[in-house]
Protein chains: 2
Amino acid sequence: MEQDKKMVKQITSMDENFAQWYTDICKKADLIDYSSVKGCMIIRPYGYAIWENIQRILDSKFKETGHENVYMPMFITESLLQKEKDHVAGFAPEVAWVTYGGSEKLTERLCVRPTSETLFCEHFANIIRSYRDLPKLYNQWCSVVRWEKTTRPFLRSREFLWQEGHTMHATREEAEAETLRQLDCYADFFINELGIPVIKGRKTESDKFAGAVATYAIEALMHDGKALQAGTSHYFGDGFARAFDITFTDKDNKLTYPHQTSWGVSTRVIGAIIMSHGDDNGLVLPPAVAPIQVVILPVAQHKPGVLEKAAELKDRLSKRFKVRLDDSDNSAGWKFAEYEMKGVPVRLEIGPRDIENNVCVLVTRHNREKTVVGLDGLEDAVAAKLKEVRDGIYRKALDNLNRRTYKCTSIDEIKTALSDKGDGIVRAMWCGEEECEDKVKELTGVGSRCIPFDSEKISDKCVCCGRPAKHMVCWGVAY
Amino acid sequence: MEQDKKMVKQITSMDENFAQWYTDICKKADLIDYSSVKGCMIIRPYGYAIWENIQRILDSKFKETGHENVYMPMFITESLLQKEKDHVAGFAPEVAWVTYGGSEKLTERLCVRPTSETLFCEHFANIIRSYRDLPKLYNQWCSVVRWEKTTRPFLRSREFLWQEGHTMHATREEAEAETLRQLDCYADFFINELGIPVIKGRKTESDKFAGAVATYAIEALMHDGKALQAGTSHYFGDGFARAFDITFTDKDNKLTYPHQTSWGVSTRVIGAIIMSHGDDNGLVLPPAVAPIQVVILPVAQHKPGVLEKAAELKDRLSKRFKVRLDDSDNSAGWKFAEYEMKGVPVRLEIGPRDIENNVCVLVTRHNREKTVVGLDGLEDAVAAKLKEVRDGIYRKALDNLNRRTYKCTSIDEIKTALSDKGDGIVRAMWCGEEECEDKVKELTGVGSRCIPFDSEKISDKCVCCGRPAKHMVCWGVAY
C-alpha cells in the first residue's frame, strides 16, 4: 500500500544550516516530538533510551563514591526560595508559579523547582546534628523547570530532566574536594564513555551559579565551533548553611556550619552528543549509550538459511551487546539509511555468500569502514569495532577542538582568528575585571567560558586593557 | 559525647493507634521527612532505595513485554485537558495550576499533570498513521500532582511518584488483553515479589477512572482490615481516540480509531508493604525490594579475628545479596533494634565462638527465628532464609485476608461481622444499581472495592434491596 512505503529520511546539511540540521536530527532520528505545551518537548523511546543509558552509567559512578538517591518535592514555597538572597535573585525571574490548587487560590504561591538547593537545605537542617551525620552525599534524578524565552530540544527547554547532587561536609577542604571530584566524574564520563573532549575550568565571578562561592564547569566544543556548558559543579561555602541555620556539633563539641556542594548534568548531554559526533547522515552514537549497539541486516533474506543465521548471530551477540535484528521487508537502502540516521555504531551484514564463507561484514557508522570478519570469535571482533568507534569519534572531536583553538594576544587577533577560521575557543589573558570581560564579548562576540585548569601563560597582559593579566581564559560563543 | 549516644527508637503499638504506628514507621525507619511544602513528602535514601528496587523489577517486566519508556511534559494546557469531557470533569477539581512564568502572566494556564492521557493522546495523533504503527506500548516513570485535602506519606500525597503505561492497539480485543495482562503483571509482582495477596477485579461504574470504559484494580487488605487499591489498569475503548482525532488506516485500507489502555502503580506500593508486613518493632521488608537483604552484626567485635571474619563473609555474600556490615561502635541492642526497625529480612550474627565452630547465626526478621548454620555453603542457607521470609510474610498476610473475609447475605450480617471481627473484606451480592451501592456504604461503612474475578454465588439476591443479584462484590473500607 502506498501509504506504507517507507521513504528514506532527508535532513538538511550541517554546512548549509547547522541549527536546522540539529533540529532535523532530533526529529528524524525519533529522539523528540513537540507538543502543544510551548517550550517543552516529548522525549520519544529512542531518545529516552539514550537518557536511560546515561543515567545508568552516572548513577553507578555516583553510588560507587557513596552517594545516595533521594526525592524532594517538586514545589518550593515562595518564602523558602527567598531564604538565600543571591539564589532567589538568580532564579525568581525564570520560575513557573503555581497559584491555584483546584479552584482554590493558594495562600502562598509555589514555584516549580528550577533547582533544589533550598529544599535540600531545609531537609539538612532537620537531619544534621553532629559531625557523625556528615558527610551527607545526596543525589536526585528529576525534572526541573526554567521559564526560558527561546527554547531548543535538549539544549534549552522549559522543562528538562537532570540529576542534581547535593552534599554537606564538615570542612571546607572536604567540600572543595567533592566539588572537584564530581567535576572529574563528569569529565571522565564525557571523554571515556561519550568520546567528547572537554575543557575543565572555573567560571568567572559574573558567570557563577546563583549563591555559589565557586562554580566549575566542563565545556565542550560543538561541530560548529560553539561551546556547550555540559556539566557544572558548585562549591557553596557555608552561605546556604547560614541562611538556613544548618549547624552541627564538631569533634571539639563546637557548633559549626557545614560546607556544601551541588553538581548536575541534564538531558543537554544528548544535545552535546548530537553536535559533537553527528554528520549529514544523522546521529552518531557513542557505543556506551547507544540503545542499539549492533544492528544485524540480513542480505537477500528470502534465500534459505539467511534469516536463521541472522537470528543465531543475534542470540550470540545479545549476550554481550545491545543488538537489533531488522528482518522487516523494508528495502536494504531504507534500512542502511535508517540505522545511519539513528547513529547505530556497528552494522552487521550477512548474506548467503557470507554464510558459505563463515564470515560477515561489519560497518562502523562514523567512517563507513567495512571489514569482513570470521563468524568464529565474532564477539571479540564486534567489541573491537565498538572500541574503534569510541576512539574514532573522540579523535575527530578532539581534532575539531584543536583546530578551532586560537591563542590570541589582542582584540584584533581574536577578530581575525574568528573571521578566518570560524567560531572556536579563544585562549587569551585577562586582568580579572568584569569590565574587560564584557568588553571582549562586545568587541569580538566571544564571552568567557571558563578559566581552564590547563592554563598557560600566553602573555603578561590582559588581551583587552593591557594591564597585568591575572588569568588565562577560554572564550567562546555559548549555546 | 552525650549528644552522640544513639537511642533505641520507640514507635506506637499498632493495636493502640494504627495510624500513628504507620506514621512512626515512616519516620523512624528513615523512609520520609516532611518539608514546608504542605502535602508533599521528602523520600529519604532508605525509602527511595525501596522505590528504586520496585522500579527495577517492574521496568524489566514492562520491557520484557515490549513496552518502551518515554517522557512527556509535566504541564498540560487547559484546553488540552478539556478535550475529553469525562476526564476533565474527574481531574480539574484537583489539579495545581501554573499561572505565571517568571513575572509574566500566562495567556493560557497550565496544570501540572495529574495523569498524562491527554499528552499521550496528542502525541499518538502525531505518530500513528497505519496499522503498522500499532501497537504502541509506552510507559513513563514520573511524578504527578493531585491537590488532595488530607494527605499521608505514600498513601495520599499532593505529589507522588509512579509509572503510567499508555498503549494503543488496532483492535478492542488486543487492548482488552493488554489491560488484563498488565493487571496480572501487577498481581504477580505483589504476590511473588512483595508477598502481598491481592484481589483482582473490576471497579463498578461509579468508581471508574475518569474517561475509562472499564477500570480493573488489585486490592490488598492491610493489617487493620482496611483495603488499599494498589494498582489500576484501564480500558478506554476509542473514546479518547475520537476526542483527539487519532486514526489509522487498517489492513483493509479503512480509516479506523485505535483502542487504548493505561495502567499505573505508585509509591503507594511502599505504604502497602508497611501496612501488610510491618509489626510493633518496625518495618518488615520483602527480600525482593529490601535495600539491605542481610545485615552482618559482629559479636564481641573487639576480639581478634571477628571483624576480619565478618568482612570476609560480607565479601562472599555481596556477590549474591545486598549486604551491609555494621561494625560501628553502637551497642548490640541498638543495632538489633535499628535493623529490625528498618525491616532487614535476615540478620547474621558472628562472634568468636561461632568462628571457632565454623558457623554463624541467621535470624529472620518476620518471626525472629534463629538458626545456626555452617559457614560452608552459607550462600545457599541465606538464599533459603530469604525465601522463607517471602513465604512467611505472604502466609501471614494471606491469613489476615482470609480471617477478615466475611460472606454476608444481609445488611445486618455485614454490620455484625464488622462489629464482631473488625474491618475486613465483605463478600456480598449486588443488584448493579448505584443506589444500593451507596446505601450499603451508608448503612454499614463499607464501599464497593471491586467485582472480583474469583466471584462466587453467595445468594440470588442483592444484599441491600433483595432484587435479583447481578454481581458478587468485595466491599471494604478504603485507604
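Points worth noting:
- B:Asn253 on the phi > 0 side of the Ramachandran plot and among the polar types (S, T, N, Q): yes
- Selection from segment A:186-239 of residues that are part of a helix (DSSP H, G or I) and under 13 Å from the mean Cα position of the chain (by Cα): A:Tyr186, A:Ala187, A:Asp188, A:Phe189, A:Phe190, A:Ile191, A:Glu193
- Selection within segment B:464-478 - under 31 Å from the mean Cα position of the chain (by Cα) and surrounded by 20 or more Cβ atoms within 10 Å (Cβ to Cβ): B:Met472, B:Val473, B:Cys474, B:Trp475, B:Gly476, B:Val477
- Every residue from segment B:387-430 that is surrounded by fewer than 19 Cβ atoms within 10 Å (Cβ to Cβ) and of a type in the set (A, V, I, L, M, F, W, C): B:Leu398, B:Ile411
- Scanning segment A:62-110 for residues that are of a type in the set (A, V, I, L, M) and either more than 9 Å from chain B (Cβ to nearest Cβ) or assigned to a loop (DSSP other than H, G, I, E, B) (or both) returns A:Val70, A:Met72, A:Met74, A:Leu81, A:Val88, A:Ala89, A:Val95.
- Failed criterion for B:Ser419 (all others in (1) in a helix (DSSP H, G or I); (2) in contact (Cβ under 8 Å) with a residue 40 or more places away in the chain hold): (2)
- When we screen B:Cys26, B:Cys40 for residues that are touching a residue at least 40 places away in the same chain (Cβ under 8 Å), within 11 Å of chain A (Cβ to nearest Cβ), crowded, with 17+ Cβ neighbours inside 10 Å and in contact with a strand residue (DSSP E or B) (Cβ under 6 Å, 6 or more places away or on another chain), the only hit is B:Cys40.
- Selection status of A:Asp329, charged (D, E, K, R), part of a loop (DSSP other than H, G, I, E, B) and closer than 26 Å to A:Asp280 by Cα: yes
One line per residue, one yes/no per condition, for (1) touching a His at 6+ places or on another chain (Cβ under 8 Å); (2) modelled with pLDDT under 95; (3) among the charged types (D, E, K, R):
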| residue | (1), (2), (3) |
| --- | --- |
| A:Glu308 | no, no, yes |
| A:Phe321 | no, no, no |
| A:Ala332 | no, yes, no |
| A:Glu340 | no, no, yes |
| A:Glu349 | no, no, yes |
| A:Arg353 | no, no, yes |
| A:Leu362 | no, no, no |
| A:Arg365 | no, no, yes |
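- Some residue of segment B:297-315 being of a type outside the set (Val, Ile, Thr), within 26 Å of B:Ile54 (Cβ to Cβ) and in contact (Cβ under 8 Å) with a residue 60 or more places away in the chain: no
- Meets criteria (within 15 Å of the chain's Cα centre (by Cα), under 18 Å from A:Ile57 (Cα atoms), within 14 Å of chain B (Cβ to nearest Cβ) and not in a loop (DSSP other than H, G, I, E, B)) for A:Leu161: yes
- Subset of segment B:75-92 that is of a type in the set (A, V, I, L, M, F, W, C) and touching a Ser or Thr at 6+ places or on another chain (Cβ under 6 Å) - its residue that is nearest to B:Phe124 (Cα to Cα): B:Leu80
- Only one of the numbered conditions (1) on the phi < 0 side of the Ramachandran plot; (2) part of a loop (DSSP other than H, G, I, E, B); (3) of a type in the set (A, V, I, L, M, F, W, C); (4) out of contact with any strand residue (DSSP E or B) (no Cβ under 7 Å at 6 or more places or on another chain) is violated by B:Ala288, and that is (2).
The values are calculated or read from the model by the stated rules, or taken from the named source; none is laboratory data. The structure displayed is predicted, hence computed values, not measured ones. Virtual Cβ from ideal backbone geometry, glycine too; neighbours counted across all protein chains shown.
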